[in-house]
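A short worksheet on the structure shown next.
The values are calculated or read from the model by the stated rules, or taken from the named source; none is laboratory data. All values reported here derive from a predicted model rather than from experimental measurement. Note: ideal-geometry Cβ built from the backbone for every residue, glycine included; neighbour counts use all protein chains shown.
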Amino acid sequence: MKVNQDLSILLWLRKQRKDETGKVPVCVRLTINGVRAQFSLGIKVLPSQFNTDSGSVKGKSEESKMINNQLEVSYVFYFTVGIVRVLLYSFFRV
């Protein structure tokens with residue numbers, strides 16, 4: 001999701017790292033002022049159950065609800081960190 005020209009947050013699946021159950025890690029890509037960082041959130045999902053457009057897991061099961069809650073908390077955290085960094089960068093830019 002592109003928040004503005006200075007901040008972008010993307011949730012994506014690292015499909016090359018499939019485990020024995022078929023689950024793959026959910027990763028976040030945080031771009032602030034053109035500088036990109038990406039890392040795993042420590043959450044694994046089945047690729048068929050992940051909605052890339054919304055960045056959430058499909059379904060109504062307790063596991064789906066729990067994973068979506070974790071994803072939402074992670075998203076809010078990285079959004080807040082990103083906004084603070086953009087504001088600090090803008091404030092202290094010479």
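In the set Gly22, Gly42, which member is over 14 Å from Ile9 (Cβ atoms) and free of Cβ contacts under 8 Å to residues at least 24 places away in the same chain?
From the options Gly22, Gly42, the qualifying one is Gly42.
Yes/no per residue for (1) modelled with pLDDT of 90 or more; (2) in a strand (DSSP E or B); (3) crowded, with 16+ Cβ neighbours inside 10 Å; (4) of a type in the set (A, V, I, L, M, F, W, C):
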residue: Cys27; (1), (2), (3), (4): yes, yes, yes, yes
residue: Leu30; (1), (2), (3), (4): no, yes, yes, yes
residue: Lys44; (1), (2), (3), (4): yes, yes, yes, no
residue: Ser48; (1), (2), (3), (4): yes, no, no, no
residue: Glu63; (1), (2), (3), (4): yes, no, no, no
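For Leu71, are the conditions met, namely being in contact (Cβ under 8 Å) with a residue 12 or more places away in the chain, in a strand (DSSP E or B) and out of contact with any Cys (no Cβ under 9 Å at 6 or more places or on another chain)?
no
If a residue must be closer than 19 Å to Phe79 by Cβ and charged (D, E, K, R), how many such residues does region 26-65 contain?
Of the residues in that region, 3 qualify.
Search region 70-86 for residues being aliphatic (A, V, I, L, M) and surrounded by 14 or more Cβ atoms within 10 Å (Cβ to Cβ), and hand back the single one that is nearest to the chain's Cα centre (by Cα).
Among them, the one singled out is Leu71.
Output the residues belonging to region 33-69 that are over 14 Å from the mean Cα position of the chain (by Cα) and within 25 Å of Tyr89 (Cα to Cα). If you could, list the steps in order and put the result at the bottom.
Step one: of region 33-69, the residues over 14 Å from the mean Cα position of the chain (by Cα) are 33-35, 46-49, 58-66.
Selection gives Asn33, Gly34, Val35.
Anything in region 1-25 that is assigned to a strand (DSSP E or B) and exposed (fewer than 13 other Cβ atoms within 10 Å of the Cβ)? List them, or say none.
Lys2, Asn4, listed by residue number.
Consider region 50-61. How many of its residues are exposed (fewer than 15 other Cβ atoms within 10 Å of the Cβ) and without any contact (Cβ under 8 Å) to a residue 24 or more places away in the chain? I'd like the intermediate steps shown before the answer.
Our first condition is that a residue be exposed (fewer than 15 other Cβ atoms within 10 Å of the Cβ); within region 50-61, this holds for 51-54, 58-61.
Still in the running and without any contact (Cβ under 8 Å) to a residue 24 or more places away in the chain: 51, 53-54, 58-61.
Residues in region 50-61 being exposed (fewer than 15 other Cβ atoms within 10 Å of the Cβ) and without any contact (Cβ under 8 Å) to a residue 24 or more places away in the chain: 7 in total.
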